[in-house]
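The values are calculated or read from the model by the stated rules, or taken from the named source; none is laboratory data. Model, not experiment: these values are computed from the prediction. As a convention, Cβ positions derive from the backbone with ideal geometry for all residues, glycine included, and neighbour counts pool all protein chains shown. Please note that ligands, DNA and RNA were not included when accessible areas were found on the heavy atoms of the full protein model with its side chains. Shrake-Rupley method; radii C 1.70, N 1.55, O 1.52, S 1.80 Å.
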Amino acid sequence: MNFTGRADIIRRVQSAMGVTADGIDGPMTWKAIETRIVRLPVAPPAVTTGPPAPQFDERTEKNLASLDPKAQPAFRRFIAAAREEAAKHGCQYIGIAGNRTYAEQNALYAQGRTAPGPKVTNAKGGESNHNFGIAMDFGVFRAKRYLDGGNPDDSKLAADIHKAAAVHAKANGIEWGGDWKSFKDFPHFEIHTGLSNYHKRQRMASLGSVL
């Protein structure tokens, strides 16, 4: 590059840097370059967090959000897989219950005992994992029609879908109520903790979480 061409380039740089454009790359020119270019803040590298978490219908999301935050990732993975099982039969897999208060649990326990309706649970308030934010109930729907507890054909289809979903539950550390011996509860899924109800209540009181 000849001197004249080099000087022209320096003048253009100096003009861009806001210093005297004399074509001489002296200390003032290099200080301006350092300030404008070398010391520019460098943007931090983008953080890769993996694919976004799957999103579900409003009812499922509401019940999922009511759970202990530590339980939500496992349930979200499970629900995504369970919905695919239901879709194979043209059905939807929807979370119909999440966290419950003791009063709500006691009201369910009263059904078939001191209140009208069939028995739906053997757990009183403080004895259900719904009270600790680590359990959800799911319903099988087809075109907004609830299949669980319907006619025999509907009930069988719902049971089959729950069974298929249970495989994915176990893969995520979630226990299925359909495996229980004394009171089978096909729509029910919960995080297995190995803790007694007493210890779960103690942990909730002291830590705000059983997990």
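Provide the net charge surrounding Asn131, with neighbours chosen by a C-beta distance below 10 Å and charges set as Lys +1, Arg +1, Asp -1, Glu -1.
Computed value for this residue: +2.
Report the extension gain between Lys124 and Lys88 in nm, rounded to one decimal, defined as 0.36 nm multiplied by the number of residues separating them, less their alpha carbon distance.
Extending this stretch completely gives an extra 9.3 nm.
Report the paramagnetic label zone for Thr101: residues of segment 127-163 whose backbone N is under 20 Å from a point 7 Å from Cα along the Cα-to-Cβ axis.
127-137, by backbone N distance to the label point.
Tell me, what HN-Hα J-couplings in whole Hz come from the Karplus equation 6.51 cos²θ - 1.76 cosθ + 1.60 at θ = phi - 60° for each residue of segment 20-32, using x for Gly and Pro?
Values, residue by residue: 4, 8, 9, x, 10, 7, x, x, 5, 5, 5, 5, 5 Hz.
Roll a 1.4 angstrom probe over the protein heavy atoms and tell me the percent of accessible area of the chain that is carbon or sulfur.
Answer for the chain is 58 percent, counting heavy atoms of protein chains only.
Could you compute the net charge surrounding Phe56? Neighbours are other residues with a C-beta less than 11 Å from the C-beta of Phe56; K and R count +1, D and E count -1.
In short, +1.
Output the pairs from Lys119/Lys163; Lys88/Lys144; Lys144/Lys200; Lys88/Lys200; Lys62/Lys200 with a Cα-Cα distance over 28 Å in this structure; if there are none, say none. Each step should come with its number before you reach the end.
Details: Lys119/Lys163 22 Å; Lys88/Lys144 16 Å; Lys144/Lys200 36 Å; Lys88/Lys200 37 Å; Lys62/Lys200 24 Å.
Violating the 28 Å limit, Cα to Cα: Lys144/Lys200; Lys88/Lys200.
Calculated from the structure, Rg and Dmax of the Cα atoms in Å equals which of (i) 16.4, 52; (ii) 30.9, 101; (iii) 32.4, 119?
Calculated Rg and Dmax of the Cα atoms in Å: the matching label is (ii).
How do the peptides 99-108, 163-172 rank, highest first, by the average count of neighbouring beta carbon atoms within 10 Å per residue?
163-172, 99-108
Give the accessible surface of the chain per residue, rounded to a whole number of Å², with probe radius 1.4 Å and ligands, DNA and RNA excluded.
So the chain comes to 60 Å² accessible per residue, rounded to a whole number.
May I ask for the distance between the Cα centers of segment 61-84 and segment 142-211, given as a whole number of Å?
12
Which of the helices in the chain meet the span-like rule: DSSP H, Cα axial reach of 20 Å or more, Kyte-Doolittle mean at least -1.0?
Passing helices, by number: 3-17, 72-87, 152-171.
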